[in-house]
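Here's the structure we're looking at; comments come further down.
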Amino acid sequence: MGAKIDAVMAKGLPERDKRNANRVNLWAFGWMFSLMGNMILTKIFDQGAGVFWVLIFAAHIICGVMLVLSYRRFLSQLDEMERKVQLEALALAVGFSILVFSAGSVLDSVGVLGKPDAAVMVVVMSLTYMGGLIIGRIRLA
């Protein structure tokens, strides 16, 4: 059980990697909250709200770009083993998401399920990525 908890808590990573991971997490939360804000505001206000709308959209794009750049920096500064864990988790998340949403599209075309939602895709990808990280860290620990 101790190895599983260590894998979840990312114990054993150098301080630099923890700082970089925290920076990625902060930008991810910023991006997530800006996405939620955009979605809520589209329900409340007219989409053509002028400068206010442009600023909210720009904040979302800036948070997304900063998330990508901070993740790129995080990956570039990792040691080889943790980079392998990260890239395998990414590959698992992307592959599983493609599989789930292609199956969802097929089920939508025959009328079994509704069209797959992008928000659900983000959740599936995130959960699969987290699972891949935990499995990879346990396997390589």
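The values are calculated or read from the model by the stated rules, or taken from the named source; none is laboratory data. All values derive from a computational prediction rather than experimental measurement. Note that we place each Cβ from the backbone using ideal geometry, even for glycine, and neighbour counts take in every protein chain shown.
Can you tell me which residue among Met32, Met39 is in a helix (DSSP H, G or I) and farther than 30 Å from Leu13 by Cβ? Lay out the reasoning, then the answer.
Working: Met32 fails: farther than 30 Å from Leu13 by Cβ.
It is Met39.
Residues Leu13, Leu90, Leu67: which one is at pLDDT below 80 and surrounded by 16 or more Cβ atoms within 10 Å (Cβ to Cβ)?
Numbers: Leu90 fails: at pLDDT below 80; Leu67 fails: at pLDDT below 80.
Checking each option against the conditions leaves just Leu13.
Go over the candidates Ile98, Ile56 one by one and state the one that is among the β-branched types (Val, Ile, Thr) and either in the same structural domain as Lys18 (by TED's automatic domain parsing) or not in a helix (DSSP H, G or I) (or both). Lay out the reasoning, then the answer.
Values: Ile98 fails: either in the same structural domain as Lys18 (by TED's automatic domain parsing) or not in a helix (DSSP H, G or I) (or both).
One residue alone meets the criteria, Ile56.
All but one of (1) out of contact with any Ser or Thr (no Cβ under 6 Å at 6 or more places or on another chain); (2) farther than 20 Å from Leu26 by Cα hold for Leu69; which doesn't?
All conditions are met except number (2).
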